[in-house]
1. Hey, can you rank 432-443, 123-134 by average C-beta count inside 10 Å, highest first?
2. So what is the relative contact order of the chain, in percent, for Cα pairs below 8 Å that sit 6 or more residues apart?
3. Provide, in order from the shortest bin, the percent of all Cα-Cα pairs of the chain in each 20 Å bin, continuing until the bin that contains the maximum pair distance.
4. For K450, give me every one of the lysines with a C-alpha distance below 19 angstrom, ignoring sequence neighbours fewer than eight places off in its own chain.
5. DSSP loop GluC sites (Glu not before Pro) in the range 317-366 with at most 12 other Cβ atoms within 10 Å of their Cβ, which ones?
6. Per residue, how many Å² of accessible area does the chain show with a 1.4 Å probe?
7. Ignoring ligands, DNA and RNA, what percent of the accessible area of the range 298-410 is carbon or sulfur (1.4 Å)?
8. Once the whole set of protein chains is in place, how much accessible area is left on R269, using a 1.4 Å probe, in Å² to the nearest 10?
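The values are calculated or read from the model by the stated rules, or taken from the named source; none is laboratory data. This structure is a prediction, so every number in the text was calculated from the model and none was measured. Here Cβ is always computed from backbone atoms with ideal geometry, including for glycine, and neighbour counts include all displayed protein chains. Keep in mind that these areas ignore ligands, DNA and RNA; they rest on the heavy atoms of the full protein, side chains included. Shrake-Rupley method; radii C 1.70, N 1.55, O 1.52, S 1.80 Å.
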Amino acid sequence: MCIRDRYYQFVGIERKPRIVGFPYAEIRPNQLDAYKKVVDFWENRGYHCVLSAHTGFGKTILALALALEYKRMHEKSNVKTLYFIRTKEQANRLIDELKQINILNGIVLHSRQEMCFQKEIKENNDAFENMVRCQVLRRTRSCRYFTRLDKIREDLPKLFLHNRKQAEFLQACEDLEICPYYANLELIRSADVVACCYANLFSSQTRRMLFKRLREYKCLIIFDEAHNLIELNNDIDELTVSLERKSFENEDNPTFLALLEFFKHLEKRYDKLLEELFEIELNVRDRGEIVLKILKILNVKDKEDAFKVLKGLRNDFLKKRELAQFKFIYFVEQFITHSTRFDYFYSIKLLENGQNVFSILYLRKDKFFQRFLLHKTISMSGTINIENFISMLKLPRERFLKLEYDYAFPVENRKVLLVEGLSSLFKARGEVTYEKFARLLENVLKFSSKNVGVYFPSYSLLDDVVDLCVDRQEKNRRIQYVFLDRVNRKIFREKRGTPAAENTKMVEEFRRSENAVLFGVMGGRNSEGIEFRGKEMEVLVICGIPIPPISVKNSRYLKLYGRKNVLYFPALRKIRQTMGRMFRSSDDRGIVIVADSRYGMQDEINELLPGDLKDFEIVRYNHFSRLKQIFDDFFNEEKGVMNTEKPVKSLAFFM
């Protein structure tokens, strides 16, 4: 009980439950409970909260209400709330909630590429090169938008630019002819809530810039969808460089050419292995030999002298605006800097486009998170396992308030089916497996006229299965299982690298459609931070379990964090996250089909399943008549048609 509640109890006043600034008439009991516990925890000098709460709990508005309370508790200090999100859709939802509260001013920080009017930056996907190119344009005063911003910098807070979605903000900046990216940064001073994507959090350059501007403030840090902090695919401070750049062909600097030739020779040494393994680690011993060779090329005796030479090269390339060369020299500097550290992972990897890249990334997610523990934090997610979260980040358990709220979804509104005889296991993949998935999808689409979501563990598996189902007349395929071209369905397909605005447009069109199919990837942008309410999606097919392959990098993570944390918790979290897209409120109804035998048979997975995923019915592969019966029964009940047949008993895990 907090101080104010104890006072009202003492004087005998009955106080109605309320949350200051809460914009909605109804406060859900669990929201009020969580709010009181967090405030009480803060008043008792607590610092860090982890909230695991189901879809539809109202976590975003609760977090903003707590941000308002935090500001009130520290009204004599400069207070900011730093709010981390993953997707553009989450950013839009956050702005909508800020408008509802109408007390807090908020901004959403986006990348330079998304917030720049310069064509050369808008069309370049390399964040590092965009940062350097922007730096050159500003220093030479070649950007009229930044020059114009300098003239009205002090007036920005008066121009009503807070609480605007990205498109609205860009339009306002275009009307004012000012730089959107730096206008956003300037508004940090007058904003109460500063939202930022995880992609920016994991970039050292953006992180330094952000915390430099926030160092004078007392911060509350909110991690929405906090499982992104421990997601292994989210690489921290990764720096990659390719040796195949057109601009390198005309370079005449002898030192640069000698370094480039050495790294190309190194790349060729691993060419054959890369074709089999796709990624090869450069261990500490390899790095030491490479550093000695670099020192010899630079004609210096130690690292300090090497840094002086490399810095001079970088400055020369910056003056000439040769950004690819600048980035390569910066990569060589970083290669030398971290070469003796075991917590950095050095590798050569083969990308899907057939290009080789050198990569350096930081492995210690627990060390990375420690810098945030100086501030109060709220970490929340609908699919987070608190023990897994604390274990991965190696957090002091006694300093955390742990709040867990069960999934309160009506059981009768959801049917979970396990289709046996299928698996996305890597060693089982091939055209026979792809045909099985295709046959299952054909029958699901035949038995239901509802909007269907089909999610795969990876883009490669999605492409293999969907391409098999489309008549492309590929002669190299032994099996052709064409049916998508002849079913009367509108097909929507998530693709890697699609611009955010284009993907949002596709999702909106799917929502408005009837009898449509959306193909996506678990862990992708359309499986998190997005909603499909009511009729927008009523059938979900999960084609496989997204257990990551034991790659060279993952083997390092296994040694650091263990098998459960690296393999099984992330896979189940992605499944649950994907299911949450369809079940947003107690009124939503739908069928979930999990097509992978391991879901019901592998003990290592079963023992980690949360309670809401433990009740399912098994359907044997090829027993599609049973699948049809389940569809008819479930959707007939929705229409009020009574089913007189005896129901089949659901099979629990531990039989």
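1. Details: 432-443: 19.8, 123-134: 16.6.
Answer by packing, highest mean first, reads 432-443, 123-134.
2. Details: 939 pairs, mean separation 103.6, N = 655.
So the answer I get is 16 percent.
3. Binned Cα distances yield the sequence 16, 47, 33, 5, 0.
4. Within reach: K415, K490, K535, K628, K639.
5. Details: sites: E322, E333, E352; in loops: E322, E352.
Answer in residue order: E352.
6. On the way: 30990 Å² over 655 residues.
Each residue of the chain exposes 47 Å² on average to a 1.4 Å probe.
7. Working: 2350 of 4980 Å².
C and S fraction of accessible area: 47 percent.
8. Approximately 150 Å² for this residue.
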